[in-house]
Amino acid sequence: MQKFFSSRKLVIVVVCLIVSFGLMSLSVAIRDKRNTPPLVQQFGNDIVGFADRIVAAPMNGIHHGFVSTKNLLNTYQENARLKSKVDQLTQTQVKDQVLTRENKQLKRQLNVGSTLTGYEKINAAVITRTPSTWASQIIINKGQASGIKKNMPVIAGPGLIGTVAEVNKTNSKVVLISNTAENSNRFAIQVLGDNSKVVNGIITSYDSATNRIVMGNITSKAKLSVGNRVTTSGLGGVIPKGIYVGKVSKVAQDDYGLAKKVYIKPAANLNDIEVVSVAVRD
Amino acid sequence: MKRKVPIAIYFVIGQFIAFFLDGSLSQILSGVLFKYPNSMVPYLTVLWLILAAFFGNVKKLHLYTWAAIIGFIFDMYYTGLFGVYVFIFPLVVYLCQMVYQILPPNFMSGFLVYFLGITVLVSLGYMANAFIGETDSSIAQFLVNTLAPTLALNLVLLAIVYFPVETLYRTHRQ
């Protein structure tokens, strides 16, 4: 014990602690203020990202095999269920096409250029996930070179899963909405309530015990009920309007009884993401 | 006569494979590992380092330097938060090696020392993340939902990998 706490070691420990806290504060500051990490870090991340693909590719291949087999076993039931939905879907699609065209014509007539709803998609594959409890992050294989910028929203399957947090040249980190950090995930969203009244707000936190997104500080009197759809509102920043987020699963009062708190069940499964699209506002 | 590949080469290559497998496993098995509200995190990187400290020659392998390097890459690539694992990895390797030297060299003591190592690793990681506000989970939540499942997963991984790695180092001792 005496040897362990010799003065030389103590000095080393203290210096390490100071350097550690310094570096942590510095990297948080960089993440909050700058749009891209320093060049050295980008360069390093790109190299590691390339090496990672060599390991990740066979692993993803194996995973794919398992998933395909599982899907094959479920095919019959799924087919029966989906057949009943197909007719409905075609109808909606046709209507959607007509409405889009009409919308475009009307916009042209009114001389309105691009509105909040328009966006392009950049598709990317997931390379890996951060092995950590605290940072719910995935790393995708597109970066600055493909036109991705910080804070762009990321979609997988049916809905929103997170935002781009760090952009390197050829890969970028996506923070999932399940991240509980205080400084992430302030999405502007809106709930289409009963009587088609819209309630605007932001995502304030995430309830990891039940997998629900929480939208807090709602003072609007509009009536919300379970099953109401939630989309992004396009207000403030780079996130376009109309990206599906999820459905209302519970409406509660906040701790002081002054405002409402809405629990939203996310549409996308955050623990099974292979391919994502990054939405770029027009 | 074929010349033997030095153990240091195996060590470094295995180190990087373990590093990438951490991320790949987390991604592929994320439905199982990060099922709400628990989260199990594989630490194959640390497993490989600690097994090297158990069986290999720490000086010849430059183990602490490698621990710091891989910690730095871990910070940069996976978390984007510098100054956390770059210090924690060498510290955990140092602690494990110190304690393992005192104990008789068999699987049970390896198991106990690794238990201790993972506990220190995960706890220090939690403290660092709580310090910068990356997490808001309480200590009780951390113990039940993170530390316990992570320990369980990593001890199972240790049990699987322990004897093959021991054989690898033993055959290269001469």
query: Mean residue ellipticity at 222 nm from the helices of the protein assembly as shown, using -39,500 (n - 2.57) per DSSP H segment of n ≥ 4 over the full residue count, to the nearest 500 deg cm²/dmol?
result: -16500 deg cm²/dmol
message: In whole Å, what are the extents of segment A:7-149 along the principal axes defined by its C-alpha atoms, from largest to smallest?
response: 77, 52, 25
query: Rg/Rh for segment A:129-282: what does it come to with C-alpha atoms and Rh from Kirkwood?
result: 0.97
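Let's see if you can work this out: charge +1 on each Lys and Arg Cβ, -1 on each Asp and Glu Cβ, no other charges. What is the dipole magnitude of the protein assembly as shown about its Cα centre, in debye to the nearest 20?
580 debye
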query: To the nearest 0.05, how large is the calculated FRET efficiency for A:Lys197 and B:Leu116 if R₀ is 45 Å and r is the Cβ-Cβ distance?
result: 0.20
- prompt: Which of the residues in segment A:110-154 lose at least 50 Å² of accessible area when you go from the chain alone to all protein chains together (probe 1.4 Å)?
  reply: A:Arg129, A:Pro131, A:Thr133, A:Trp134
- line: Ignoring ligands and nucleic acids, B:His62 exposes an accessible area, probe 1.4 Å, in Å² to the nearest 10, of 110 Å²
- request: Mind jotting down the distance between the C-alpha centroids of segment A:260-282 and segment A:186-205, whole Å?
  value: 15 Å
statement: Computed Rg/Rh for segment B:53-174 (Cα atoms; Rh = Kirkwood radius) stands at 0.99
- prompt: Given 5 Å bins starting at zero, what is the percent of C-alpha pairs of segment A:34-79 in each, up to the one with the largest pair distance?
  reply: 5, 18, 13, 12, 11, 10, 9, 8, 7, 5, 1
query: What is the Cα centroid distance between segment A:119-135 and segment A:23-95, reported in whole angstrom?
result: 6 Å
Reduction of at least 30 Å² in accessible surface, 1.4 Å probe, comparing all protein chains with the chain by itself, residues of segment B:25-70: B:Gln27, B:Ile28, B:Ser30, B:Phe34, B:Tyr36, B:Pro37, B:Val41
field: Solvent-accessible surface (1.4 angstrom probe) belonging to B:Tyr43, in square angstrom, nearest 10
entry: 10 Å²
task: Using only the alpha carbons, work out the radius of gyration and Dmax of segment B:28-70 in angstrom.
output: 14.6, 43
query: Counting only protein heavy atoms and using a 1.4 Å probe, what share of the accessible area of the protein assembly as shown belongs to carbon plus sulfur, as a whole percent?
result: 64 percent
- prompt: Using the alpha-carbon centroid of each, what span in Å lies between segment B:1-75 and segment A:208-248?
  reply: 41 Å
statement: Here the gain from full extension of A:Val40 to A:Lys121, 0.36 nm per residue of separation minus their alpha-carbon distance, amounts to 26.3 nm
task: Report the accessible area of B:Leu124, computed with a 1.4 Å probe over the heavy atoms of all protein chains in place, in Å² rounded to the nearest 10.
output: 50 Å²
For the protein assembly as shown: accessible area per residue (Å², 1.4 Å): 53 Å²
task: Express in nm, to one decimal, how much length is gained between A:Gln88 and A:Leu106 on full extension, taking 0.36 nm for each residue of separation and deducting their alpha carbon distance.
output: 3.8 nm
message: Under a crude label model (7 Å from the Cα following the beta-carbon direction), how far is A:Lys169 from A:Leu17 in nanometres?
response: 4.0 nm
- line: In nm, the gap between the two label points placed 7 Å beyond Cα toward Cβ at B:Tyr94 and A:Val67 is 4.3 nm
field: Cross-link pairs beyond the 19 Å C-alpha cut-off, checked among A:Lys197/A:Lys223; A:Lys142/A:Lys169; A:Lys83/A:Lys265
entry: A:Lys83/A:Lys265
query: Rounded, prolate or oblate: which fits segment A:95-209 when a ≥ b ≥ c are the square roots of the eigenvalues of the alpha-carbon gyration tensor, with rounded for a/c under 1.5 and prolate only if a/b beats b/c?
result: oblate
- request: Taking only the C-alpha atoms, wrap a convex hull around chain A and report its volume per residue in Å³ as a whole number.
  value: 217 Å³
- line: Given a Förster distance of 22 Å, the FRET efficiency implied by the Cβ-Cβ spacing of B:Val144 and B:Lys35, rounded to the nearest 0.05, works out to 0.95
message: As a test of the definition: with a 1.4 Å probe, what buried accessible area, both sides summed, do you compute for B against A, in Å² to the nearest 100?
response: 4300 Å²
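The values are calculated or read from the model by the stated rules, or taken from the named source; none is laboratory data. All values reported here derive from a predicted model rather than from experimental measurement. Counting neighbours? That spans all protein chains shown, and the Cβs are built from the backbone with ideal geometry, glycine included. Keep in mind that these areas ignore ligands, DNA and RNA; they rest on the heavy atoms of the full protein, side chains included. Shrake-Rupley method; radii C 1.70, N 1.55, O 1.52, S 1.80 Å.
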